[in-house]
Structures are given as C-alpha cells and as structure tokens.
1. Using heavy-atom solvent-accessible surface (probe 1.4 Å) with all chains present, what is the largest-first order of C:47, A:214?
2. So if R0 is 41 Å, what FRET efficiency would residue D:115 and residue B:61 give, r being the distance between their Cβ atoms, rounded to the nearest 0.05?
3. Got a number for the accessible area of residue A:331? Probe 1.4 Å, square angstrom, nearest 10.
4. Can I get the semi-axes of region B:15-96's equivalent ellipsoid? Compute them from the C-alpha gyration tensor as square roots of 5 times the eigenvalues, in angstrom, largest first.
5. Do you know the relative contact order of region A:177-333, to the nearest whole percent, from alpha carbon pairs under 8 angstrom that are 6+ apart?
6. Tell me, what is the 1.4 Å probe accessible area of residue C:2, in Å² to the nearest 10?
7. How high is the relative contact order of region D:1-147? Use alpha-carbon pairs under 8 Å, at least six apart in sequence, and give a whole percent.
8. Arranged from highest to lowest average of other beta-carbon atoms within 10 Å per residue, in what order do the peptides D:145-153, D:275-283 appear?
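The values are calculated or read from the model by the stated rules, or taken from the named source; none is laboratory data. Note that this is a predicted model, so its numbers are computed, not measured. When we count neighbours, we look across all protein chains shown, and the Cβ atoms used for this are built from the backbone with ideal geometry, even at glycine. With ligands, DNA and RNA removed, areas are computed over all heavy atoms of the protein, side chains included. Shrake-Rupley method; radii C 1.70, N 1.55, O 1.52, S 1.80 Å.
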Number of protein chains: 4
Amino acid sequence: MIAVLKPNAPQAQIDNLIAWFKDQGLNVHVSVGDYQTILGLIGDTSKIDIELLEVLDIVESVKRITEPFKNANRKFHPDDTVIKIGNALIGNGHFAMIAGPCSVESENQVLEVATKVQAAGADMLRGGAFKPRTSPYDFQGMKAEGIELLLKAKKITGMPIVSEIMNANHLPLFEEVDVIQVGARNMQNFELLKELGKTNKTILLKRGLANNLKELLMSAEYIMAEGNENIILCERGIRTFETYTRNTIDLSAIPMLKELSHLPVIVDPSHATGIAKLVPPMALAAAAAGADGLMIEVHNDPIHALCDGMQSLTPQQYADLADKVRKIREVIK
Amino acid sequence: MIAVLKPNAPQAQIDNLIAWFKDQGLNVHVSVGDYQTILGLIGDTSKIDIELLEVLDIVESVKRITEPFKNANRKFHPDDTVIKIGNALIGNGHFAMIAGPCSVESENQVLEVATKVQAAGADMLRGGAFKPRTSPYDFQGMKAEGIELLLKAKKITGMPIVSEIMNANHLPLFEEVDVIQVGARNMQNFELLKELGKTNKTILLKRGLANNLKELLMSAEYIMAEGNENIILCERGIRTFETYTRNTIDLSAIPMLKELSHLPVIVDPSHATGIAKLVPPMALAAAAAGADGLMIEVHNDPIHALCDGMQSLTPQQYADLADKVRKIREVIK
Amino acid sequence: MIAVLKPNAPQAQIDNLIAWFKDQGLNVHVSVGDYQTILGLIGDTSKIDIELLEVLDIVESVKRITEPFKNANRKFHPDDTVIKIGNALIGNGHFAMIAGPCSVESENQVLEVATKVQAAGADMLRGGAFKPRTSPYDFQGMKAEGIELLLKAKKITGMPIVSEIMNANHLPLFEEVDVIQVGARNMQNFELLKELGKTNKTILLKRGLANNLKELLMSAEYIMAEGNENIILCERGIRTFETYTRNTIDLSAIPMLKELSHLPVIVDPSHATGIAKLVPPMALAAAAAGADGLMIEVHNDPIHALCDGMQSLTPQQYADLADKVRKIREVIK
Amino acid sequence: MIAVLKPNAPQAQIDNLIAWFKDQGLNVHVSVGDYQTILGLIGDTSKIDIELLEVLDIVESVKRITEPFKNANRKFHPDDTVIKIGNALIGNGHFAMIAGPCSVESENQVLEVATKVQAAGADMLRGGAFKPRTSPYDFQGMKAEGIELLLKAKKITGMPIVSEIMNANHLPLFEEVDVIQVGARNMQNFELLKELGKTNKTILLKRGLANNLKELLMSAEYIMAEGNENIILCERGIRTFETYTRNTIDLSAIPMLKELSHLPVIVDPSHATGIAKLVPPMALAAAAAGADGLMIEVHNDPIHALCDGMQSLTPQQYADLADKVRKIREVIK
C-alpha cells in the first residue's frame, strides 16, 4: 500500500501517521520528494480501511499494491482449489456440467429434465425454487415445494443439486441441497454471505450485474472469512449498453479470475445471453477459455417454460453441446 | 401492451393466444399486416409476465405501453403523496432536510452532531449503525449499540431518526426508528423489501448503483404490494465510467421520478459524489431541480470520521448550505 | 414500425398522419383501442426518421419492429458475404488470421514480425502507422513512413496489409493498403465513413468502446450506403466497470452479429484485454464462438514495444496459438 | 508519478531505468521494501508515456499522482479563463446563455428564433447545419446553406453564433462562425481537434457519451497543445443504463471540472435529457451547481422540428426559464 502525502503536510503529523502504521504491524518506507512525501507500507495491509486513511488531512491519496482479498487470493494459496460435490469434482482440471430447468415447475418436468441431462453427461442438476424477479407480480417460484421436487430428483438420479437461496432464514430448507447458489442481485447481500460462511455447503456465487471482479472476490472473501472455503465463482453476464442480448457475457473473467484466485470458475451462458441460440457458441467459448464448468438451462418444453424459457435448450440440443464441449476441452488440455 | 406475432404464426395458435388474453380480462385489438400480426392488449396488464409471452413460438416481441408498476404509478394516483414523520412532512411542497453522521461512532458524536444540525434547521437525524462494506475487514458499524445511541439523540432532540437496515431479522431493533433506509446494494433484496412492506414504517429506498428508474419503482412496488405505501425514493448516484467522483449523481431522476410516480423524491449528494467540496453545489442543484428533500452527511470532526468522512460537511458548512437551499426553494416555487 | 398515438389524439390529426404515411409508400393498419390508437406501418420504414415522428403532438411512442439497417441486414441478404483480400478469403467458413505489431517502429521490426507470423500461418499483416492516443503527448505513430514500411513488408512477403486511417485526407497514402481499419474512436466519425464508402477498399470497422451492435451496423450502413460493401466487423472490447482488464471483450457479439448481418465478424483479443496472458484464451474462445477471423498483436520484442506492448505475443506464442485455433475450428465445423 | 517494480527485479535493470528517468529530467526517489521497490518520479511527467513503462519487464504498475493534462490544468493556471465572444463574456463569473434551434431549417425559422431568444436575454445563437446522425438515412442538416442562414441571423441580430463542425475540410465555411462546436461523437476525433487547435476560434468541446472527465480534458489538451486556448467545456449527458431519459446529465461534472481546470464549463440540458419537460429543472440545477453558461434548444414550432424537437422549448418557455436562471445565480453568488 502506498500513501501519497500532501505537499504541505507538517512533519509532526507525518511522524504520528508513521507511528500509527508501525503500531498496525507494518513496515514503512519513506520517500521524501521536492513536492511530496510517499509512504510505502509493507506487510499485511488487508485490514487497513483505505477510506479511513484517505480522509486524513495530510493524505492526498492511498493506493493498494496488493489485493484486498486474502483467503481467495492465489498469491497466498497458489494451488487450484478442488471441490468435491457428491461424486463430482470441480477445479484444477476437473470440469463440471450443471444443467436443469430455470424454474422448478412440476415433478414430471424436473424428473424428465434430470434424467435427460444425466444421460447427456451432466454432473449436477440445477433448478430454481426461489426466483428473484424484478416485479412483485411475476412468478416467484414454487419455493419449499420446489426444493422438495429437486430432492426427489436427487434421490432418483443420484445427481447433486444446485438451487438459489434468497433469504438466510430459508437455510433449513437447503439442508440436503448440495450447492447453494447466490444470485447476481444478492452478490453484495453481505448478511446472507456471512450466514452462508457459517455453513459447510458449497456456495455458487454469481457475479453481480454491474460488479467488477474485485467486488466478486471480496464477496467470496465475506463467505471465506467466516470459515467456508467451498466457493465456486460464476460469470453470468454483466449489464452493458447492448440491447440485443440480455446481458453481456464477460469471458475474459475466466482467465482473469483464475489468475487472481484459486477458486473454480464456471459460466452460465443461459442467463448471460438470454437467447437459446447464443447458448451453444458461448458455452463452447467458455470451455475454450478455460472455465471449470458450465451451468446451462435445459427444459423439456422450452416454449412453455414458466420463466426464462427463451434461453433454455432442449435436452437434445444440450446433449449435442455437451459432446462438443468435451472435444474443445481435449484441444486446450 | 403490444404483442408482435411472427410472420408465419398459424391462425389456430393466434386464436388460442387471443382467447387466453381475454381470459385474463384484457381487450385485444388485432391488426393484421402483410408480414405480421400485431395484438394490442387493453386493460390491466401489470400482472402479465412479459417473459412468459416472449417465449411463445408465435410471438416475436412484446412491448409494454403502460408501466409495469401500479401502486407507485402517478397515472393511478395523480396527487403527490405526503408522508408525516414525527413533526416533519415530506412531499407535495413539503421539503425535508435529513442530516447526521455517516456512521454512529459514540454518544458524544451523535448528540453533538444532532444538536448542531437541528440548530441549522434539519428536520431529521440520520446515522448508520449497520454498514454495508465491500470488504469483510472494514468497519461494519456499531450495530444494536448504534441504534441505541440514535434513539437517545431522538429522545433529547425530538428529531425523527433515519437508519439503514441490512437484515429483516433486525426489525425488532428498529421499532422506534422513524425511517428505515434500504441501501443501494439491497434495492433488489426482494425478501427484505417484502418484510418491510408488512410494517407501517416509512421506508427510504435508495436507488441501486446500476439500476434504472423503472427498477427503482418496481422495488417500491414490492413494498407497496404488501401494503406499506410510505416510501421515499432516494437518488444517491449511479456507477458510470467517471473516476474523479465516487458515483455520478443523476439529478434528472428527480423530475423524471416525479413525472412517473407520486412518491416523494430526495437526494443524497454526500454518497453520490464522495467529496465534501461537491456536496454543496449538488445539494443546491437538487433543490433547484425540485427535490422533496436532501440527506446530507455532517460530522463534528470530518477528518477523523470512521467511515466516508471524506464526503462529510462540518456543522457550519451544513448551516450555510441549508440557508442557500431555502433561498433556492424560494426561486423555484 | 408501430406508432402508438396519445389517448386524446384528435381524429383529424390522426387522418393526416395516416395520409402522410401512405404518401411515403407505407401500408397502415389501424387498431383503435379504448385508451389509444395504434398504427402498424408496413413497408420499407428504414428511411423514416423515428425522432421526427416522436415529436408529433399526437404520438406517444414509436417502435421499430424491423431493423434500421438495410444493406448490412441478413434479412435482405441471407448468404454470408465472402471478401477476397489478395489470396486470403474471409467469411462463410473462410477464416482469416491477421497478425502484426501494434505500431510500426522500424523496417527491421516490421519485416521480422511479418516473416515470423507468415511462417505461423497468418494470412494478413497488421501494423499501426497512425495511432489515436488519448494524450497529445503520447507517441502518435510513424505516419506516412510507417505505411511505407508496411508496403515494403507486403512486397517481400506477399501478405495483404491492414492499417488504421484517422483522416480521409490521408486516403492517397492508403492506395496500396489492402484493408483500411477504422478504429473504435472513429466508429461514428460519419464524415470518414462516407469517404471510405466511396472507395473500393475492404474496411475493417471496429466497434466503439461504448457502442452497441445496432450502432456498429448503422456505421457499416454509412459505408455501404455509398456503395462499398466490403466490410469486416470487428469486436475489440467495450468499456465496462471492470478494471483488471483494459476493456471487456464481448464474444456474444460474434453469433449475434452473424444472426443480424451477412458481413464477416472478427475479434481483436489484444486490444480487448490489454494483457498478453489473456490473448490466447480469448482467441480460442472467439474461434469456438464462430468468429471469421482474429487480429492479434505480435511483436519481436514485446517488452520494448513502443505502444501497447503489454498485450503483444511473441512470434512463438502466436505460432502455438494459431495451431490451437485451427484445432478449435475443426471441432466446431 | 510512482512506478512500483516487481519483487524480483534485477538491480542492474533497476539502475538502467533510474538512469533513463534522470535523462528525461526527472528526479527519482527510491524506496526499497522487503517485497518491492518503489520509484517516486518528481518533475514534469506529462510527457512520459505510461503505457511504455508498464510493459517493461521489471515494472509492476505505474500510477500518476499529477494529472496528464497541462495547459488545461488549474494547477498551472490558477485563474479562471475568461473568453470574449463578440460582446459576450464567459468564465470567472460571466455567464453565457446560448439558445437556438437544434437544426437550421429555413431563414424564417432561424430569424424568428434568433430574435425571440435575443429578446429573452440570450447572448449567443446556436443552430446545427451539419448534423451527426446514427443512421445515414436520417436528415443530415442543411450544411453550407445552414451556415449561410446563421450568418444572416448574426448580421441582423448582432448575436455571435455557435455551430457544429464534423470535418476539418469544412473550416473555410466556418470563417465567420464565432464558436465552433465539437460534438460528443467527435470528442476523440484527434485529427479534427488538432486542426481546430491551429485556428483562433473559440471551441465548444462536448463531452463524449462514454468519456470521463480526464478524457475530456485530454481532448481539450489536444487543441491547446496546438496553441488555441479558447475552449469551453460542455457537459451534455453520458450514456448510462437509464432508458427514460436519452442520456444522464452529470451535473457533478461542473464543480469537478472547475476544480481540475480553469476553462469555462457549460451545460446542454436539451441533448442530455432529450425531453423538453426536463430541460427547465436541469437548467436551473446546472445554474445552481455553478455552471458558466447554458446551451438550450429553442424552436418556434417544437412539434414540427426536423430534428430533436422533442427536447426543444418554445421561446416563451425559454424566456421564463432565463428569468429563473438569473434568480438562481443571485442566490449562489
């Protein structure tokens, strides 16, 4: 961390500040210039609140050199994290295919989609029971009943299940859910993140619509700081000025996140694009870019899906795609 | 609402769709063109889930003509809403000045700031007890103890108090808090909004960092749909590519929101800009643009504030500003 | 095109408007509702200025159903455009590899890079002679001398060359340049586009930093409306809130543009990411997503490049990448 | 400027780099830490190309402490610039009202609007003769004929005129135009900026749709570096995710630009909002925020304006607004 002091900072105040940094366990290197003094702070600065420094009279600006995330940081944890979920592995060369309907709608639907995606090689089943919707008048999911249907599908197929949580008070319902998803709109719901940090569930953390990668990693850090290190990061599209696609998928997030962090990174091309036709090219591109997995919406009857059906593939389209994904992964190995 | 059908839509399916719309209580006007058929839907379309329509085989696109928000919509509620909070009124020409420290830090601090802003004409006292911070390692607020200190200040000064909630489970702590603030990061925490809709508290709803005005009004609608109509909308800056200011204050939101909705609209220039020097010009501008109130950070000792001090005014600066705001309001009356 | 009229629009004015539309050669379908009248306009509406309509007293809103671009539109030109540049083909399954230094710096540099990328299978040589830089004090390119050096490399290697133009007055210098690039900042320099439309050169049109795909296609339309249909569209990253990467590469632009238009689409992963390490995964991803080509920066001595060297590959890295790109293309065939 | 070196940088290379900085006339302060070495560079660093440094093997990151703009920088020119245009002054307390039609359409139109806005106290007349339009099929302006009509209005009313240029080759047509406007889309048309820098005209430089203030000032620097210091900066709205307004007006740009630069700053609320109803509140807000002037569209017959009429005021609305603007300016004096 570097603190640039104001040109006219009085020496007594500079000395006080340096003493305070040393009290925090930091080494301080002072560089006195003609116009300004620069303090280089060496040590664990992740607990220094940058905004507290910036308000000081004598400080012009403060810049971090090291990242403010620690548990999620590859620098302190060079090896890829591998997470085991049921029989599936993800991370460090293990690729996970997650598939299923956007919303759970009925027992028939879930079981049919589950068996079909399993046949196509999916490792986990996804399905939304609690649905965050912009309008209070839109379908909000089957809730507890939806979780029940997913658990039934888990029992029958043996596939681990992934479902989104919107409220920490619902945690008891998720006891047998294998992977708990935090949606884009809740990426900075810090109260929820803290509660999930106290569980030992695998958390699938989606990037917020207008959040950058540092913020995503800081949200992972909220969970990890409470003791839960089983986190899968998920790129699902960001908000841009483009209107033809629902969001803009940021595939450079894959190699960038893997450079910054040891956590597995997957991509959800269905929500990112909002258009079924764009899902296969984006899924293949994500695999080519080195993703650790894909989460794809599959529906037995896309044109009547209750929610987000526009972006769902049929089981057959999914099977074809899964096949090509495997071939792409051969190329980049 | 207009549904544009695909060029080759079979007549039988078109007839089915028209019948379904009529079942929903809508009138349907059909316009048959050479290339495509257009359905004009007349009636209360706020409960039609636009995404469900768009996935239908025969539908090319669906566009709303009327807004998807209803309780918040000025069309159905032409008169300005006026909210009474203690002795303060806001809306329809009643202007409310809310002031106080970003974070509650100590009894001395809260009481000193409270009495000084009251002397300068503030109508309500704000103070953060629960603080949403990007990093888990940054100061998270005094929590319950902070609420206690605010209530003490309320008792002494008689001023209504405003404080942010981050978790519906904390509601019992807010029983005597007059205005409950929902922060930008929780604007789409729908579970929290629903719980607040079940209270009769005034809710100060801040616009999310990357949310548009329709989404802000839909979030107000979440609260109102549960029965609570006491909502103050708050512009607090949006995320843009500008880096000199923390966020970009969108003052056109004031007249635009007042055109769309009957709810009072206030502005928080402190968080929007992040720079104390910019707070007075932006506060005056907000008043000139017709805001119903201002929420401004004031600190007794800005350079040592624990949080966001960089953007706080001193009580004297606040008193000067409040005076000019009153004069601006005279001009635009 | 649909025009929604205001609820209280007088019949006489409606009749006038309908008559005017008919004069423009359009068919008009009128749908009279309880609250409003909707006009459906059928025919070639690309020449209707939507803003002129919206200002009319009786018009509430106007929405296009068909796209405002015509020459670039796949609907009116279903087959992929194939462009021949020297011996290279691009479009409809023909993939073009363009490589070379960001800036032309010296004869040695250009010739060395040219022969090395040619050996690695590159089809065309790129090199910047005129450089748009944010600061007037930064290196602005070798200009005419740079073009000379590229032409020398063309003569020796036989490779077609690609270089950026910033001023239509420089066109005489580009007489032997095979592909003229329009940079992101000039995507809406309409005066430049019109002049390029009067040439028969292939134009490589880069997407602007904050422009959407419709605007990109409208800029292609500016060139095509003057008679030049040899256009290659290029995704090169858009501005978002992400700061780890220079820009955010939008790979969904590839399938989306190919859906909307018949023009070839290539990707420049070097400028999009600004980081050499991210170039290979993004290049592979672009190939997997169906791009018609790649433009990649290669430098003989990346750490001393005069401009944008941070994002350049070495010839060896490029050769390895080109090999994997070919394999990816095999998979998606 | 601070250069942070990589942890393992070899001493010989560090010494070379330091020697090179000294050759550039900079003082170098070296701070050696346990993990990394930091170089503080003191002196005129505006001519150092930051990208050239960042690519060096041994450099981790480079950060400017001082701004990269020099002629436009208030630090080197503390007093407000005042520009004289005909009889009008702008800057340092002198406020300029610029008004007129979006597009010049006819002699009658220009003369009528000119005399009416003059009567309402406007200092200058604006009118577009060359119009940048997204579509090649939309009205492109009356061009040379439009300039002629503006000059006629200038002759009759004595008001200085403001009109937009799109092509440096058109400069001879602008010989008697008092203020040459550079539109948002051309803010980074560096070739045009350089040509305007060689004239002695006052240049009204509009902020680009997705450009930040540093980029705006760097574009001003392009003009100033060629010798022309008569520049008016203009905020005209930026692109955000909001859709109710055409763009989002950034009024915090006013005090921020005035902090950073000595150049006058005006606001164009007409283009920023795109809605006539929002123009008065935003114009008042801009005045309250300390703008040095306003550029407002006025039309004799808004509902039939050829271009952007939706955002134009009638002369009467303009006169009422001008009156309130004067009162606001009294308050903030």
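1. Result, largest first: C:47, A:214.
2. The formula returns an efficiency of 0.30 here.
3. 20 Å²
4. 39, 12, 11
5. 16 percent
6. It works out to around 10 Å².
7. Computed over region D:1-147, the figure is 17 percent.
8. Going from most to least packed, we get D:275-283, D:145-153.
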